[in-house]
Structure formats: C-alpha cells, structure tokens
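Visitor: Pasting a structure here, questions to come.
The values are calculated or read from the model by the stated rules, or taken from the named source; none is laboratory data. Since this is a predicted model, take the numbers as computed values, not measurements. Cβ: placed from backbone, ideal geometry, glycine included. Neighbour counts: every protein chain shown. Each accessible area value is taken on the protein alone, full model and side chains, heavy atoms only, with ligands, DNA and RNA left out. Shrake-Rupley method; radii C 1.70, N 1.55, O 1.52, S 1.80 Å.
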Amino acid sequence: MADSLHRAFQKFDLGEKETEAVDLSWGDVEVGREECRLSLVGRIMGEKIANFTGVKNFTNHVWGYPRNMRVTELGPNVFQFNFEEEKDKERALNGRPWVLDNQLLVIKTWSEGIEKDPESFNTSHMWIQVWQLPIHWLCRVAGFKIGEVFKSVKEVIIPMGGGKEGKHMKILAEIDISKPLIRGLPVKHNEVEV
C-alpha cells in the first residue's frame, strides 16, 4: 500500500515548465491597470453570500443604470464595478452608504490588491443621528465639530421637522465598522459639560 501511494505521488511532481516563473513587466500589465482605473471594488459585509445577479441588478438600479457598467464577481461577496465614465463612478461613491438585502455594501476606489485585503473595507460612510442637543447647537458647524470623533465627516443635515423626541442632526461620517458604534458622548461648551 505504501509503495503504491509513493508511486502515485511521484506522478504529481511538477514538470520543468511548471516550475519556471513568468516575468511580467510594467508595460505588460498597464492595459489591465488602465481598465481598473475607472472601477470600484465592493464587499458585502454580512453572513449571507450575495447572489451575483441580485448585486448586478441592485447596483444598476440604484446607480442610475450607468452606461455599459460591467460587474465581475471576484470572490464570495467581493465585486468589481467597471464604469465607462468617471461621473458614473463618482455617483456611486457619493451615494453611500448602500444596503443590499439588509447587508452593507462597502465600495472603495480600486487600488492594486484591494480585493484581497479585507481590512480595506473596515471603513464605510454611515448616517449618524445626534439627539438631545440644545436647539441653538443644531447647526452645520457644530455638526462637523461633533463629527470629529469619526474618521471624517462628509455632510451634516439639520432636518426641518421635529418630533416627540425633539430636533436632531444627521452626520454623514466615515466610520470604522470593525468596531462598535459609540452610543453617545458628552458634549462641552466652553469647557462645561452639557
């Protein structure tokens, strides 16, 4: 038995051609890099494996049916979105966050190796609501200052209407989704906590 296994494994030796390396120059891959320049890479953050057709249909619809957009599945829940025009790519980036089937679709501008680096997708844009501030603090300047607890702030909105809970502000911030979202924080005015 051992001899027959030994003979069988000897047949699996790599041939001379299989052990030689192919050396690609910068010029050999430049066409592929240029094609990727107008692309986004997205990772669906969740337990469920997404359906390729569902992802393609969803992104086409919510991104306004970009002309000739190509979607390629790069692995489980990882997709590349190739655009013909920069404006279509920017529309997808500027509309974040995207939620597909109750799972967050984190999209990033393509960079070399991003599809193999799960940590590249640890940040995402999210709308954060801030409640229980004094009414005279509900302004964009205060919202950007409060948003400094996050990685960056893209937008601050003060909704016109209120409700039983009062008025609030919404901050579109880039947050680290690998960590729990902060549930609250003290806010000070002239070194006095409010």
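Visitor: Running a GNM on the chain with Cα contacts under 10 Å, which residue among ILE44, ILE171, ILE182 ends up with the highest mean-square fluctuation?
Guide: So, out of ILE44, ILE171, ILE182, the one fluctuating most is ILE182.
Visitor: Assuming R0 = 45 Å, what is the FRET efficiency of LEU24 and LYS151, from their Cβ-Cβ distance, to the nearest 0.05? Each step should come with its number before you reach the end.
Guide: Numbers: r = 35 Å, r/R0 = 0.79.
E between LEU24 and LYS151, to the nearest 0.05, is 0.80.
Visitor: Taking R0 as 41 Å, what's the FRET efficiency between PHE144 and GLN103 from their Cβ-Cβ distance, rounded to 0.05?
Guide: Computed FRET efficiency for PHE144 and GLN103 comes out at 0.90.
Visitor: Express the accessible area of the chain per residue in Å², computed with a 1.4 Å probe while the remaining protein chains stay in the model.
Guide: The answer is 69 Å² per residue.
Visitor: If you roll a 1.4 angstrom probe over the protein chains with everything in place, what fraction of the accessible area of the range 75-194 belongs to carbon and sulfur, to the nearest %?
Guide: Carbon and sulfur together cover 54 percent of it.
Visitor: Using a 1.4 angstrom probe with every protein chain in place, what is the largest-first accessible-area order of VAL29, VAL99?
Guide: These residues rank, largest area first, as VAL99, VAL29.
Visitor: Something else about it: Let me make sure I get this right: for the range 63-110, a, b and c are the square roots of the gyration tensor eigenvalues over alpha carbons, sorted descending. Under 1.5 in a/c it's rounded, otherwise prolate if a/b > b/c, else oblate. Which is it?
Guide: Taking the square roots of the gyration eigenvalues as a ≥ b ≥ c, the range 63-110 is oblate.
Visitor: A further question on this structure: Taking 7 Å along the Cα-to-C-beta vector as the label spot, tell me the VAL187-LEU74 distance in nanometres, rounded to one decimal.
Guide: Simple spin-label model gives 3.8 nm for this pair.
Visitor: Now a separate question. Of the labelled options (i) 20.6; (ii) 17.4; (iii) 17.8, which one gives Kirkwood radius over Cα pairs in Å as computed for this structure?
Guide: Matching entry in (i) 20.6; (ii) 17.4; (iii) 17.8: (i).
Visitor: Another question, if that's okay. Enter the accessible area of ARG7 (Å², nearest 10), with the probe set to 1.4 Å and all protein chains included.
Guide: 140
Visitor: For the pair GLN129 and THR53, what calculated FRET efficiency results from E = 1/(1 + (r/R0)^6), where r is the Cβ-Cβ distance and R0 = 30 Å, to the nearest 0.05?
Guide: 0.30
Visitor: Give, in nm to one decimal, the length gained when the segment between HIS168 and GLU85 is fully stretched (0.36 nm per residue of separation minus the Cα-Cα distance).
Guide: 26.1 nm
Visitor: May I ask you to derive the relative contact order of the chain, considering only C-alpha pairs under 8 Å and at least 6 residues apart, and to give it as an integer percent?
Guide: It rounds to 17 percent for the chain.
Visitor: In a GNM of the chain with a 10 Å cut-off on Cα contacts, which of TRP127, TRP26, TRP98 has the highest mean-square fluctuation?
Guide: TRP26
Visitor: Just read off the accessible area of THR53 with the full protein assembly in place, 1.4 Å probe, to the nearest 10 Å².
Guide: Using a 1.4 Å probe on the heavy atoms, I get roughly 80 Å².
Visitor: Next question. Scan around ASN77 for amide H atoms under 5 Å from its own, H built in the peptide plane at 1.01 Å from N, and keep only partners 5 or more places away or cross-chain.
Guide: Amide H to amide H, under 5 Å and 5 or more residues apart or across chains, ASN77 pairs with ALA50.
Visitor: Let me ask something additional. Name the most mobile residue of ASP28, ASP176, ASP88, meaning the one with the largest mean-square fluctuation, in a Gaussian network model of the chain with Cα contacts below 10 Å.
Guide: ASP28
Visitor: When we measure straight from the Cα of LYS17, which lysines land under 29 angstrom away, once same-chain ones fewer than 8 places off are left out?
Guide: Those lysines meeting the cut-off are LYS116.
Visitor: Just check the range 106-150 against the gyration tensor rule for me: Cα atoms, a ≥ b ≥ c as the square roots of the eigenvalues, rounded for a/c under 1.5, and otherwise prolate or oblate depending on whether a/b exceeds b/c.
Guide: In terms of gyration-tensor shape, prolate.
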